Structures are given as C-alpha cells and as structure tokens.
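Engineer: Below: one structure in structure tokens.
The values are calculated or read from the model by the stated rules, or taken from the named source; none is laboratory data. All of these numbers come straight from a predicted model, not from anything done at the bench. Cβ placement follows ideal geometry from the backbone for every residue including glycine, while neighbour counts extend to all protein chains displayed. With ligands, DNA and RNA removed, areas are computed over all heavy atoms of the protein, side chains included. Shrake-Rupley method; radii C 1.70, N 1.55, O 1.52, S 1.80 Å.
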Amino acid sequence: MISSLLVHLKNNTENAVASIRARPEFELGPRQDCLLPLVLETADSYASRALFRWLNELPDVAFVDVTYVHFEEPTSVSE
C-alpha cells in the first residue's frame with residue numbers, strides 16, 4: 001500500500017523530521033517551512049493506519065493530510 005501524505009509541523013523543528021526520517025517506511029520530500037511531504041509504503045492498510053496514528057502523535061506534528069492512497073490488488077498465483 002502506498003500513501004502520499006503532507007505533514008504540517010507545529011514549528012520549524014527538526015525533532016519530528018528526524019523521527020520520521022528514522023523510519024524506513026517513509027520517503028521524505030523537500031520540506032517547505034512547516035510542510036513536509038512524505039510517501040509511506042506498507043504491506044497492508046493496518047500498518048499504514050498504525051504509522052498514520054504514530055505521525056499524528058509526534059509532539060511537533062500539528063496534523064497530517066492524506067493526499068493519495070493506492071490499494072494494490074492481491075496477485076493470484078497460477079498453478
């Protein structure tokens with residue numbers, strides 16, 4: 001599952017950015033003031049929701065916008 005997110009930081013702090021950067025599921029885009037675009041890649045929607053909640057609970061994060069979600073269809077194996 002791939003999601004595009006826009007993190008709104010409470011102030012120009014590196015604390016939240018460093019925490020996010022430490023997670024391999026996130027790819028960070030170029031930060032502009034208090035806005036940080038991210039791509040989140042997870043195995044399923046449960047992991048995606050858990051990381052979305054984790055982002056929102058970071059002390060320096062005001063809120064997170066979800067701008068895009070791609071649900072991959074499970075592939076079937078032919079025998």
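Engineer: Inside the stretch 53-74, can you point out the residues that are open to solvent by 70 Å² or more (accessible area, probe 1.4 Å) and in contact with a strand residue (DSSP E or B) (Cβ under 7 Å, 6 or more places away or on another chain)?
Structural biologist: Within the stretch 53-74, F63, V66, T67, Y68, H70 meet the criteria.
Engineer: Next up: Taking the condition of being surrounded by fewer than 13 Cβ atoms within 10 Å (Cβ to Cβ) and in a loop (DSSP other than H, G, I, E, B), how many residues in the stretch 25-39 meet it?
Structural biologist: 2
Engineer: Please enumerate the residues belonging to the stretch 1-20 that are in contact (Cβ under 8 Å) with a residue 60 or more places away in the chain and hydrophobic (A, V, I, L, M, F, W, C).
Structural biologist: M1, I2, L5, L6 - these are the residues of the stretch 1-20 that are in contact (Cβ under 8 Å) with a residue 60 or more places away in the chain and hydrophobic (A, V, I, L, M, F, W, C).
Engineer: Out of (1) modelled with pLDDT of 95 or more; (2) β-branched (V, I, T); (3) surrounded by fewer than 16 Cβ atoms within 10 Å (Cβ to Cβ), the odd one out for I20 is which?
Structural biologist: Among (1) modelled with pLDDT of 95 or more; (2) β-branched (V, I, T); (3) surrounded by fewer than 16 Cβ atoms within 10 Å (Cβ to Cβ), the lone unmet condition for I20 is (3).
Engineer: For the stretch 1-24, name all the residues that are among the polar types (S, T, N, Q) and part of a loop (DSSP other than H, G, I, E, B).
Structural biologist: Listed by number, the residues that qualify are N11, N12, T13.
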